[in-house]
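Structure, as structure tokens:
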Amino acid sequence: MPRSHPWKSIAVVVAVTAAAVVASLPAHANAQAASNVVTDGHARFQVLTPTLVRMEYAGDDVFLDATTFTATNRSTPVPAFTTAVVDGYREIRTAGLTLRYRQGSGPFTAANTSVKLAATGVTGAPAFPSYCAFGTACEAETGLLTGSASTAYDHRDFTGSGFVAGLTATGSNLVHDVSAVPSAGSYRLSVRYANAVGGDNQSVTRTLSTSVDGAAGPTISLPVTGSWDTWSTASATVTLGAGTHSVRVGMDSGASGNVNIDSIAVTPTGAAYPAADRTLLATGYGAGPTNTLGGWDRSLDNPEAVPTGQHPGFLDRDGWYLLDDTRTPVLNTDRTTTVRRSHGTQPYQDGYLFGYGQDYKQGLSDLNTLVGPTALLPQSAYGVWYSRYFGYSTADYQNTLLPAFRSHQVPIDWLVVDTDWKSPTQWNGWNWNQNLFPNPQSFMDWTAQQGLSVSLNVHPSIAGNDPRFAATNTTAGGLPSDGGGNYRWDWSNPAHLKSYLDLHKQFNQQGVRAWWLDYCTSCGGSRSSDPHVAADNLINQAYADEATARGLRGFAFSRIGGAEQGGIHSSYPIGPWSEKRNSLQFTGDTPDSWAMLAFEARFTPDEAAAGLSNISHDIGSFHGGHLPDDLYARWVQLGTFQPVDRLHSDHGDRLPWNYTGAAAASAERFLRLRESLVPYTYTSARQANTTGVPITRPLYLDYPAQNDAYTHPQEYLYGDNVLVAPITTPNDSAGNGSVSAWIPPGTWTDYFTGTSYTGPTTTTITKSLSTMPVLIRSGGILPTRTDYVANQKAQPLTQLTLTVGAGADGTFSLYQDAGEGAGYQSGQSTSTPIGWNNGNRTLTVGATTGTFPGAASARAYTVRLTNSAAPTSVSVDGTRLPETAWSYNADSRTVTVTTASLPVGAAHTVALSGSATANPKSGQVSGAGGLCLAARGGASADGTPVEVAACDQSAGQQVVPPAGGAVRVLDKCLDVAGGATANGTAVQLYTCNSTGAQTWRLGSDGTLVNPASGRCLDVAGTAAGTALRIQDCSGAAGQVWRFPPTAVTGPGGNCVDVANADPASGTGVQLYGCNSSDAQRWSAPGDRTLRTLGKCLDVTNGDTANGTPVQLWDCNGTTSQTWVSRADGTLQNPRSGRCLDDPDGAAKQGDRLRVWDCNTTAAQRFSLGT
């Protein structure tokens, strides 16, 4: 880059005050600045952070201190910096950068301004895209655009970041302030353009109107160029005075338009068209080096092909960017906007120089500080949304749709009601359709009772025959007609905006939580006539403000950063910046293709480059009816690890029960997982709110020095600890999908399988539809809700699973608040520190600090330690846990520990001790009074009495659950003395002999029955040292024994198994070959439940019909989880009256177990023990 000055050491360093005008002062003043403002002639600088400096130039010395629509906060602590004049350059030096400006050289340009980054040594020459200098080619896409004029990218050989299209209707214009006109006189105004077959199907010479400072200028004639990829120039002569002038090229009533403009230039009349400056990539909202990262777009509606073009954000691999705020309006305290004052013929610039280097997170933090915090949506918004363009009625919702969610145990938090709710037309009516919703208030009350938040679709126009039109039109002071019987708003007109928002009030009062701002042909033409603020930015701010004023978390649910009249991909000089604080981005109506799935996977992390976090795709796509199974399942998987998970379609099938087999099972599993992820996702959303780092993060944010982090855009980090590599291609012939995934440095463990990878490396990961590549970093902690909830409003977080990646130390701070309202902004929230110490294998859950209404006072934890060897023992808060509270899976190398409910106000530790390769085969048996079964005195001689004693983990208390009917202690068997059968016969240890005296059957109620006698193991009383005996079975406390976990053996010698050892509620329970894994370690605590992995064997949905499958589910005390061990070897569920059953008695691995009429066949014989 050109340089007219070398980098030198500071010669003069001064302390300044806010009002000081700094000139060259004597050397040796080496003081830290007391204010963050430095004024030098017509230039003013404000050092906001070490990596963010405001640069303002006012030729008339009238600077702006007011808040703008983009820059809502400049009140930052004064960072450490020094300032000096060195060889005629004003120099500002911080820990992050050195900024130099040549004194008295006029507005900031690449020739007089430079920045050097401290961390990387990169130098740059920032330039304002809004500054259109005389004699230069001024890119059209950097100008002010009005009407339907908008940025475009769909042709070739343009010179900047794009070009301007949409010059098709009166009022569509390109405006540039041309500065530094040297003197009054005649000049050439030239346009670089393309003109081919237009939207009117003509290929003819076109015309454009011009004006200077509002006064009509000459018409420019633009001959045909041959194709839209061929550019030419045309010009006219204009008369200008010296200084700065507003020059407009566009569509007056007499112009024919239908051309694209690449750039304009004002030059001496005899000069050639100037060459474009391609040094920087510039848009109307900023400029930076061409090494851009990611990007953003208004929406992804109906693209002709993907990937689609994206507008550049502010993140760049060179490490700096200039955000141009020159034309952004003032944002007043009443939330109205005011165009900045004119500076007449004097030049004006206002912008923010970001110099983050490769610390991209610092750049995001600076943007968050300047623009305003990323919106923290209601907690429920991070759950599951359902939307469908379909004419549902109240009856449909109440009798069909929601019952299907409930019966399939699939959560739903948000119900989006699409356009059919409206009347008198389904597109832009502002009244309930009484045919579908005969009693709207009753419907809304019902949704509230069900814990649902409701969003209504809206298209921003109103029909002239709408019953509410007259009052709306009066409030607006008259609405313009679109010529088709509909009327639209100009949202930059306060009266119009009020009339628009007033239409929403009655629905808000009925309980509508948010509005989905959508558009349709001829019914969505509302706009902003003020070119300084785009319609999307303006109305999205208004929606957010309106809800906030009602005490809610204000946000808009809509497209972003452009305007409908400008087109799907429009952008404007206001940029996307305000949308991060106001909006949940709806990415539009997308096609049903693998290519779109793949593009959505990269689009969300790409938008981090614009600081955007809250992004919502149509999961499953808008278009398309019934999707291929693999495409549907993979799209649902992607949605699980997106900021917002919203199923949507145009009458298409997007619900799991619309599919069968593996696709249906996968979709149900992942929607439940999505809901359970909310504690982690919500904490990540709060991080985005406070730091600006989005929920979904491109890899380069964490690994800026790794080149591979820049070349895998579909792969991303979800929060701090989770790596997601979505599969976005069809399954192979074996039913598996694959992805080439980059593994970052360190060890990463597959969340579903426990497979570990060590990076940096690239590897192919192959998955069936049941899982996807989701990896947890070593030291990473992933908190998820343990129990199933139908929605986030169902109950507080009283059960929490902490999945930990062993192999490194790690910490996580769990954030919670009320989930709605502004209380969190005044401290109504909690923080729970969680830490894993890999060296001593200890997880610490710190004491929760803070509070909020409805906060849990106690919480039970399930710890899932991956990438680990088995321990020999586990303790919680120093107390050793029984074997029923922990288990190990050798295949996934995962330890699972469950705790009792613990007070959140105190710290707790879970510590693992010892090392093993498998689960223990024995353990303590506790009985009445909390005493343990024991060999008296720890002896093992034949005839040694068996008694109860204080539990002490001694060898004489290590009991092997029934195996072949025998219960072993110290390599001897539990024996009824003398083989007697009478009540009161003593029980002893004796050499194992397989007689009836040593045969026992463990029941689901905790009883241990000796079939030879028909009597139960019994203890009389709770005194330590009391000998055991057999006694008539009564179910008394003295006959309930809590054995260590054991297998439940069934047909064909197979075992009852939790599919894939997945502890999630809803996981199917099957027959599988016995393998002693945690998925087969069942315990019977004495309440007739059978438990493993902290959950219970459950008849799905409490159904009683033959064939109802069984599953793993939260223990809830219902009769669907009660099982009676019967003398014939069957396990009966009393609620249904039916028995646990292997379908068709096939006795093969993978058989999904069910309940069926009890028939005593081999298909129904199950025993606790091996």
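Numerical summary
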{"quantity": "Residue identified as of a type in the set (A, V, I, L, M, F, W, C), surrounded by fewer than 19 Cβ atoms within 10 Å (Cβ to Cβ) and out of contact with any Phe, Trp or Tyr (no Cβ under 8 Å at 6 or more places or on another chain) among ALA705, ALA688", "calculated": "ALA705"}
{"quantity": "Residues located in the stretch 83-113, provided they are assigned to a loop (DSSP other than H, G, I, E, B) and either touching a strand residue (DSSP E or B) at 6+ places or on another chain (Cβ under 6 Å) or small (Gly, Ala, Ser) (or both)", "calculated": "GLY88, ALA95, GLY96, GLN103, GLY104, SER105, GLY106, PRO107, PHE108, ALA110, ALA111, ASN112"}
{"quantity": "Residue count for the stretch 624-638, restricted to those that are surrounded by fewer than 24 Cβ atoms within 10 Å (Cβ to Cβ) and either in contact (Cβ under 8 Å) with a residue 60 or more places away in the chain or in a helix (DSSP H, G or I) (or both)", "calculated": "4"}
{"quantity": "Number of the condition not met by GLY1025 [criteria: (1) under 28 Å from TRP886 (Cα atoms); (2) in a loop (DSSP other than H, G, I, E, B)]", "calculated": "(1)"}
{"quantity": "Matching residues, the stretch 962-1000, being in a loop (DSSP other than H, G, I, E, B) and among the hydroxyl-bearing types (Ser, Thr, Tyr)", "calculated": "THR981, THR985, THR991, SER994, THR995, THR999"}
{"quantity": "Which listed residue, of ALA966, ALA986, is at negative phi, modelled with pLDDT of 95 or more and over 56 Å from the mean Cα position of the chain (by Cα)", "calculated": "ALA986"}
{"quantity": "Subset of the stretch 540-553 [of a type outside the set (Gly, Ala, Ser) and in contact with a helix residue (DSSP H, G or I) (Cβ under 8 Å, 6 or more places away or on another chain)]", "calculated": "ASN540, GLN541, TYR543, GLU546, ARG550, ARG553"}
{"quantity": "Failed item, numbered, when ALA928 is tested on (1) hydrophobic (A, V, I, L, M, F, W, C); (2) touching a helix residue (DSSP H, G or I) at 6+ places or on another chain (Cβ under 7 Å); (3) touching a residue at least 60 places away in the same chain (Cβ under 8 Å); (4) buried (at least 22 other Cβ atoms within 10 Å of the Cβ)", "calculated": "(4)"}
{"quantity": "Failed item in (1) touching a residue at least 60 places away in the same chain (Cβ under 8 Å); (2) crowded, with 22+ Cβ neighbours inside 10 Å, with THR729 passing the rest", "calculated": "(2)"}
{"quantity": "Pairs, first closer than 15 Å to ALA265 by Cα in the stretch 138-160, second of a type in the set (Phe, Trp, Tyr) and not in a loop (DSSP other than H, G, I, E, B), C-beta under 8 Å, six or more apart", "calculated": "ALA140/PHE163; GLU141/PHE163"}
{"quantity": "Answer residue from the stretch 778-826, given it is over 28 Å from ASP1114 (Cα atoms) and crowded, with 20+ Cβ neighbours inside 10 Å and is nearest to the chain's Cα centre (by Cα) among those", "calculated": "TYR824"}
{"quantity": "Those residues of the stretch 411-428 which are farther than 20 Å from VAL636 by Cα and out of contact with any Ser or Thr (no Cβ under 8 Å at 6 or more places or on another chain), in sequence order", "calculated": "THR419, ASP420, TRP421, LYS422, SER423, PRO424, THR425"}
{"quantity": "Output for the stretch 1098-1138, where each listed residue is under 18 Å from SER407 (Cβ atoms), of a type in the set (Gly, Ala, Ser) and in a loop (DSSP other than H, G, I, E, B)", "calculated": "ALA1105, GLY1107, SER1136"}
{"quantity": "Spans of strands (runs of 3 or more DSSP E) in the stretch 1-71 with at least 3 residues under 19 Å from ALA127 (Cβ atoms) and at pLDDT 95 or above", "calculated": "43-49, 52-58"}
{"quantity": "Matching residues, the stretch 388-429, being under 30 Å from ASP1103 (Cα atoms), part of a helix (DSSP H, G or I) and of a type in the set (A, V, I, L, M, F, W, C)", "calculated": "ALA395, LEU401, LEU402, ALA404, PHE405"}
{"quantity": "Elements of type strands (runs of 3 or more DSSP E) contained in the stretch 830-883, each with 1 or more residues being assigned by TED's automatic domain parsing to the domain that holds GLY819 and farther than 30 Å from TYR682 by Cα", "calculated": "873-876"}
{"quantity": "Sole residue being in contact with a His (Cβ under 8 Å, 6 or more places away or on another chain) and at pLDDT 95 or above, chosen from THR755, THR844", "calculated": "THR844"}
{"quantity": "Residue that is farthest from the chain's Cα centre (by Cα), among those in the stretch 101-112 that are hydroxyl-bearing (Ser, Thr, Tyr) and within 17 Å of ALA180 (Cα to Cα)", "calculated": "SER105"}
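For every residue, the table says whether it meets (1) touching a Pro at 6+ places or on another chain (Cβ under 7 Å); (2) closer than 18 Å to ARG468 by Cβ; (3) surrounded by 20 or more Cβ atoms within 10 Å (Cβ to Cβ); (4) at pLDDT below 95.
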{"position": "TYR392", "(1), (2), (3), (4)": "no, no, no, no"}
{"position": "ASP396", "(1), (2), (3), (4)": "no, no, no, no"}
{"position": "ALA404", "(1), (2), (3), (4)": "no, no, no, no"}
{"position": "HIS408", "(1), (2), (3), (4)": "yes, no, no, no"}
{"position": "TRP414", "(1), (2), (3), (4)": "no, no, yes, no"}
{"position": "ASP418", "(1), (2), (3), (4)": "no, no, yes, no"}
{"position": "LYS422", "(1), (2), (3), (4)": "no, yes, yes, no"}
{"position": "TRP432", "(1), (2), (3), (4)": "yes, yes, yes, no"}
{"position": "PRO440", "(1), (2), (3), (4)": "no, yes, yes, no"}
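The values are calculated or read from the model by the stated rules, or taken from the named source; none is laboratory data. No experiment lies behind these values; they were computed from the predicted model shown. Reconstructed Cβ throughout: ideal geometry from the backbone, glycine too, with neighbour counts over all protein chains shown.
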